[in-house]
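This report concerns only the one structure given below.
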């Protein structure tokens, strides 16, 4: 059999351990206490207070200190529950299979596979802790960016590198403006992540960037509306946005060109 026949099942088989690793990576980050109503979702972990400016601790009993400690709240890092690890492995296997089916035997496949695993980790972390770790975003940018450059060189499509740079910069600037206008609604971790995802989508075409980001915002708005109506959420409710960015990127990479083509046919007079 040709290599193409085994590409999809082979990618799915690789996705199982990759998803397990993604879940283990997510377990490395400490659980943060629930943010205050004014805190933004998707940001970095709060910094430690400056010893020189922090108020002195009042005398408290050992029992009170134990109750207020992170260890008591179970906030320390640790492996995710087995069920969540299994779910991450299955989800990553499905994503890898879809990616291999849509991209096929192209060098870009080697760039998007680790990106999708990273998105699984980021989603797990942001849902649980309301943070988007910068180390994951920067690592993803380095690995995915380098692999996309190699793929563009192999294919001889050097314009893809320029489109990726434009897509990443435009997404970063747009989300930065949103963050500056409403820092409580958009954390800076989401801003960083948008640059990585914008570049990844831009490699496939600037129109795919618009498609992916539209899907992210539309999905986030729809879920937010459901939370408001069904669970009484309000503007002060911290809702992680990284999962919607990840979903928009996945849809954009897999079906972005089809979405753009469909919109073009609908809007064409």
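The values are calculated or read from the model by the stated rules, or taken from the named source; none is laboratory data. Only a predicted model underlies this, so the values are computations on that prediction, with no experimental measurement involved. When we count neighbours, we look across all protein chains shown, and the Cβ atoms used for this are built from the backbone with ideal geometry, even at glycine.
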Condition test on residue 110, is it at pLDDT 95 or above and within 26 Å of residue 195 (Cβ to Cβ)?
no
Test: residue 22 is buried (at least 20 other Cβ atoms within 10 Å of the Cβ), under 18 Å from residue 110 (Cβ atoms), within 19 Å of the chain's Cα centre (by Cα) and modelled with pLDDT of 95 or more:
yes
Looking only at segment 203-229, which residues are crowded, with 18+ Cβ neighbours inside 10 Å and within 16 Å of the chain's Cα centre (by Cα)?
209, 212, 213, 215, 216, 220
Go through segment 216-235 and give me each residue that's part of a helix (DSSP H, G or I) and in contact (Cβ under 8 Å) with a residue 24 or more places away in the chain.
216, 217, 219, 220
Scanning for something at pLDDT 90 or above and surrounded by fewer than 14 Cβ atoms within 10 Å (Cβ to Cβ), does segment 95-104 turn up at least one residue?
yes
Give segment 126-135 a look and list any residue that's assigned to a helix (DSSP H, G or I) and surrounded by 24 or more Cβ atoms within 10 Å (Cβ to Cβ), or say none.
126
Exactly one of 174, 188 is surrounded by fewer than 17 Cβ atoms within 10 Å (Cβ to Cβ) and touching a residue at least 12 places away in the same chain (Cβ under 8 Å), and that one is 174
Matching option when the condition is under 16 Å from the mean Cα position of the chain (by Cα) and farther than 14 Å from residue 196 by Cβ, among 180, 124
124
Could you tell me whether any residue of segment 183-194 is within 21 Å of residue 255 (Cα to Cα) and part of a helix (DSSP H, G or I)?
yes
Flagged in segment 139-166 as closer than 30 Å to residue 27 by Cβ and either outside any helix (DSSP H, G or I) or in contact (Cβ under 8 Å) with a residue 40 or more places away in the chain (or both), in numbering order, are 140, 141, 144, 145, 147, 148
Sort out which residues of segment 97-111 are touching a residue at least 60 places away in the same chain (Cβ under 8 Å), assigned to a loop (DSSP other than H, G, I, E, B) and either within 22 Å of the chain's Cα centre (by Cα) or on the phi < 0 side of the Ramachandran plot (or both), and write them in order of number.
105, 108
If I filter segment 236-269 down to residues being closer than 24 Å to residue 171 by Cα and not in a helix (DSSP H, G or I), which single residue comes out as modelled with the lowest pLDDT?
238
Output the residues belonging to segment 55-94 that are modelled with pLDDT under 90, in contact with a helix residue (DSSP H, G or I) (Cβ under 8 Å, 6 or more places away or on another chain) and part of a helix (DSSP H, G or I).
66, 72
